[in-house]
1. Here are some residues: T19, T55. Which one is within 19 Å of the chain's Cα centre (by Cα), on the phi < 0 side of the Ramachandran plot and at pLDDT 90 or above?
2. Is it the case that segment 193-212 has a residue that's of a type in the set (A, V, I, L, M), outside any strand (DSSP E or B), touching a residue at least 24 places away in the same chain (Cβ under 8 Å) and over 30 Å from I291 (Cα atoms)?
3. If you check L133 against the conditions, is it open to solvent by 50 Å² or more (accessible area, probe 1.4 Å), under 30 Å from Q261 (Cβ atoms) and under 21 Å from the mean Cα position of the chain (by Cα)?
4. Could you count how many residues in segment 1-60 are part of a strand (DSSP E or B), without any contact (Cβ under 8 Å) to a residue 60 or more places away in the chain and touching a helix residue (DSSP H, G or I) at 6+ places or on another chain (Cβ under 7 Å)?
5. Looking only at segment 132-153, decide whether some residue is among the small types (G, A, S), over 14 Å from I238 (Cα atoms) and out of contact with any Gly (no Cβ under 7 Å at 6 or more places or on another chain).
6. Of the residues that sit in segment 252-286 and are of a type in the set (S, T, N, Q) and within 16 Å of A184 (Cα to Cα), which one is most open to solvent (accessible area, probe 1.4 Å)?
7. Looking at segment 229-257 only, could you name the residues that are in contact with a helix residue (DSSP H, G or I) (Cβ under 9 Å, 6 or more places away or on another chain) and over 20 Å from K213 (Cβ atoms)?
8. Looking at segment 86-104 only, could you name the residues that are assigned to a loop (DSSP other than H, G, I, E, B) and open to solvent by 40 Å² or more (accessible area, probe 1.4 Å)?
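The values are calculated or read from the model by the stated rules, or taken from the named source; none is laboratory data. Here the structure is a predicted model, which is why all the values come from computation and not from measurement. Counting neighbours? That spans all protein chains shown, and the Cβs are built from the backbone with ideal geometry, glycine included. Areas reflect the complete protein model, heavy atoms only, side chains present, ligands, DNA and RNA absent. Shrake-Rupley method; radii C 1.70, N 1.55, O 1.52, S 1.80 Å.
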Amino acid sequence: MELGKKFNCFVGNNGSGKTTVLDAVHYLSMCKSFLNSIDSQNIKREQPFMVVSGTFEKEGEENKVYCALKREGKKQFKRNKKEYARLIDHVGLFPTVIIAPTDADIINGGSDLRRKFLDGVISQLDRSYLENLVRYNKALQQRNALLKYFRENRTFNQESLDIWDEQLSQRGQLIYHRRKEFLADFIEAFGAFYKSISGSVEEIGLDYSSQLKDSEMLGQLKENLKQDRAATYTTVGIHKDDLLFTINEFPLKKFGSQGQQKSALVALKLAQFQVMHQKSGITPMLLLDDIFDKLDDDRVGQLLKLVSGKEFGQIFITDTHPERVAELLKGEKDVRVFPISQGEIEVEETA
C-alpha cells in the first residue's frame, strides 16, 4: 500500500487485521511488537517464520527495513539490506508514539509498566541510555542468580557479589540521572496537554519516585544486603522506580474518573510526542489504535484538533466505523482510508 503523509485510516470489523498494520509499523520502528513482547508468539500458528518489511522516507532518502524471525532462531533485522549486529542501533531512527486501549494499564497496572513506558520513550532519544539499561538488567539477573545460589548452597562470597554491585551501581546512577533530566521537561508538557484535552480545572500531577533520591545505589546495596539474601533478589535500585499520577493531589488510579484517566493517558502520549520531537528534531509517527471507542466525542474532537497541527506528521488510525472516520476528518485535506477484511487491504479510498 502507498501511505499518505498525514492521515491513514484502517477501517474494518473487529479481528479483521487493522491493529496488525499498526503493529507492523511499530515492529519496523522499535524492533518489537507493542501487543506482545514475546517475539515467537507473533508468528502465525503452524507457520515456521514471520517477515515484516516496509520503506521509510527520511530526509529525502528511502530506507528499506526488514525484520524476519524463525520459531527456533534469532531475530534478523536489516536496513537497506545491511543486517544490524545490535538491535539497539536501530531504535530511534524512525520514532513512533502509539495510543492504544492497553495504555490504561500504565495508570492502573504495576510500576513495571510505567517504567517500561518511560524507558521506551528515552531509549528512542538516547542510545547510550538503552545500552545502560540493557547492561543494568543483565547485571541484575546475574546478581539475583548469585543470591539464589548462595541460599540454595548455603554459602556466601562477598567478592563475587561486589562485582555485580559495582556494575549495578554505575549503570543505575546513569539511568536515574537521565530519567530525572528527561522528566523535568516531560512533566510540564504532560500538564499542558491535559488541560487542553480535558478543558477542566482540576490539578493533574506526575511525580518521579526513586530510591536513589535519598542516597547513591552502591551504599543502598550494601545496607540492604541482609534483606537481599533473605529475599534472594535485589530489593533496591532503579528497577523499583515509579511514576506517580495524581488528581487534586490524590492518586489518579483511585480517585480519578474514567474520563480523567483517559485524558491523562492521551496527554501522556502527546507529551511523549512533543518532547521526542523537540529533542530529536525528528517528527515521530503517531499510531492511534481504536481510540474513538474509548474516548467521548469532546475528547476525540480536542485530540484531532491538536494532531491536525503542522507539528504532527504522519498519523495512523484504526476504527470499526468508516463513516465515523469520514465525519471526524471531513475538514482535513490529506486523508486516506484503507478498508480491511480478513487480513486483506481492499482498494484505497480517499476521504
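1. T19
2. Yes, the conditions are met somewhere in segment 193-212.
3. In short, no.
4. 3
5. yes
6. Result: Q278.
7. Matches in segment 229-257: R229, A230, A231, T232, Y233, I247, N248, L252, K253, G256.
8. Within segment 86-104, R86 is the sole residue that qualifies.
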